[in-house]
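Visitor: One structure follows; several queries about it will come next.
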Amino acid sequence: DKNTCHICGGKCNKKDKRTDENGTIICGNDYPSIDHLQAVVNGGTHTWDNVKLAHRHCNTMKRDLDVYDNQSGQMVLAI
């Protein structure tokens, strides 16, 4: 996905993380995550044709909602 969040179009940053005093890795908003285009809870599959790269924050905000392309090509949440 060329390191691009499919939801907002911004670049993901795999360095956007830190380790706390207990050794736990805490990911920031721009850290990359795998987003299911159709949420598994809505019948989507955990397969390559149903996943895309997304910022951790964008993916969290999307939750199990659907996204679609508007006429300009930008991804939009279907709320």
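No value in this document is a laboratory result; all are computed from the given coordinates. On a predicted model such as this, the values are computed, not experimentally measured, just so you know. Virtual Cβ from ideal backbone geometry, glycine too; neighbours counted across all protein chains shown.
Visitor: Return the long-range amide H neighbours of ILE7 (sequence gap of 5 or more, or a different chain), with a cut-off of under 5 Å between placed amide H atoms.
Guide: Here the answer is HIS55, since their amide H atoms fall under 5 Å of that of ILE7.
Visitor: Would you pull out the residues with amide H under 5 Å of ASN13's amide H, same chain only if 5 or more places away, H placed 1.01 Å from N?
Guide: Result for ASN13 returns TYR31.
Visitor: Per 0.36 nm of contour for each residue apart, how much would the distance between VAL40 and THR24 grow if the chain were fully extended, relative to their Cα-Cα spacing?
Guide: Details: separation 16, 0.36 × 16 = 5.76 nm, distance 2.71 nm.
Difference between extended and current length: 3.0 nm.
Visitor: If you put +1 on each Lys and Arg Cβ and -1 on each Asp and Glu Cβ, how big is the dipole of the stretch 1-54 around its Cα centre, in Debye rounded to 20? Intermediate values should be presented prior to the final figure.
Guide: Numbers: 7 positive and 7 negative charges, 41 e Å.
I would put it at about 200 debye.
Visitor: Taking K and R as +1 and D and E as -1, what net charge do the other residues with C-beta under 15 Å from the C-beta of ARG56 add up to? Display every interim value, and only then the final one.
Guide: Working: positive: LYS11, LYS14, LYS15, LYS17, ARG18, LYS52, LYS62, ARG63; negative: ASP1, ASP16, ASP30, ASP35.
Computed value for this residue: +4.
Visitor: For the pair ASP1 and ASN50, what calculated FRET efficiency results from E = 1/(1 + (r/R0)^6), where r is the Cβ-Cβ distance and R0 = 22 Å, to the nearest 0.05?
Guide: On the way: r = 13 Å, r/R0 = 0.61.
Result of the calculation: an efficiency of 0.95.
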